[in-house]
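> One structure, as structure tokens, below. Some questions next.
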Amino acid sequence: MAFTIKVNGAEHRIDVDGDTPLLWVLRDVLGMTGTKFGCGMALCGACTVHLNGAATRSCVTRVESIGDAAVTTIEAIGTTAAGRKIQKAWLDLEVVQCGYCQSGQVMSASALLASNPRPNDADIDNAMSGNICRCGTYVRIREAIKHAARSSAATGKGG
Ligand code: FES
Ligand code: FES
């Protein structure tokens, strides 16, 4: 079945079954492999993308459910204000270890910062608790989100 989906600002015409997960469309049809497969059951967060700015698990998002929502992936998150700050903070604090979970971590953190420019610890825990990191980078992730929030405060710009 044919669908048109908008990913990172561009429209893509795809021909897949309606129940195909967005994750497979991104990786296998569109060749955007920055979004990772971890569990396939909305349990790990590795596959997180944004749908109209909201962090969404693409492994359980059927392509037929997307409609005209804007999909943003890790390939384009650096073009958003919050995503740019998060990526810089990740580099400044050297968050990444093996890296496998980090696309999803960056996407969840960017959605948080865009909606809440000054998140407290509880806000961070709430937004990030579904993103699992087997390397245990949680402490650096929390610090990097705060670092990005401070840079938002310094420039007077949120999200
Ligand atoms: S692969 Fe989607 S949440 Fe784990
Ligand atoms: S950095 Fe290795 S799983 Fe998170």
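> Can you find a residue that is among the hydrophobic types (A, V, I, L, M, F, W, C) and within 21 Å of GLY83 (Cβ to Cβ) anywhere in segment 37-44?
Yes - at least one qualifying residue is present in segment 37-44.
> Mind listing whichever residues of segment 119-135 are without any contact (Cβ under 8 Å) to a residue 24 or more places away in the chain and assigned to a loop (DSSP other than H, G, I, E, B)?
Of everything in segment 119-135, those that are without any contact (Cβ under 8 Å) to a residue 24 or more places away in the chain and assigned to a loop (DSSP other than H, G, I, E, B) turn out to be ASN120, SER129.
> While we're looking at this one, here's another question. With ARG150, ARG140, ARG134 as the choices, which residue is open to solvent by 50 Å² or more (accessible area, probe 1.4 Å), in contact with a Cys (Cβ under 8 Å, 6 or more places away or on another chain) and among the basic types (Lys, Arg)?
Selected residue: ARG134, the only one of ARG150, ARG140, ARG134 that is open to solvent by 50 Å² or more (accessible area, probe 1.4 Å), in contact with a Cys (Cβ under 8 Å, 6 or more places away or on another chain) and among the basic types (Lys, Arg).
Yes/no matrix, rows are residues, columns are (1) over 12 Å from the mean Cα position of the chain (by Cα); (2) among the hydroxyl-bearing types (Ser, Thr, Tyr); (3) under 24 Å from GLY38 (Cβ atoms):
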| site | (1), (2), (3) |
| --- | --- |
| GLN105 | no, no, yes |
| ALA109 | no, no, yes |
| ILE124 | yes, no, yes |
| ARG140 | yes, no, yes |
| LYS146 | yes, no, no |
| ALA153 | yes, no, no |
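> Please indicate, with yes or no, whether at least one residue in segment 48-55 is within 21 Å of LYS6 (Cα to Cα) and more than 16 Å from the chain's Cα centre (by Cα).
No: zero hits.
The values are calculated or read from the model by the stated rules, or taken from the named source; none is laboratory data. Worth saying up front: this structure is predicted, and the values here are computed from it rather than measured. Don't worry about glycine lacking a Cβ; one is built from the backbone with ideal geometry, like all the others, and counts go over all protein chains shown. With ligands, DNA and RNA removed, areas are computed over all heavy atoms of the protein, side chains included. Shrake-Rupley method; radii C 1.70, N 1.55, O 1.52, S 1.80 Å.
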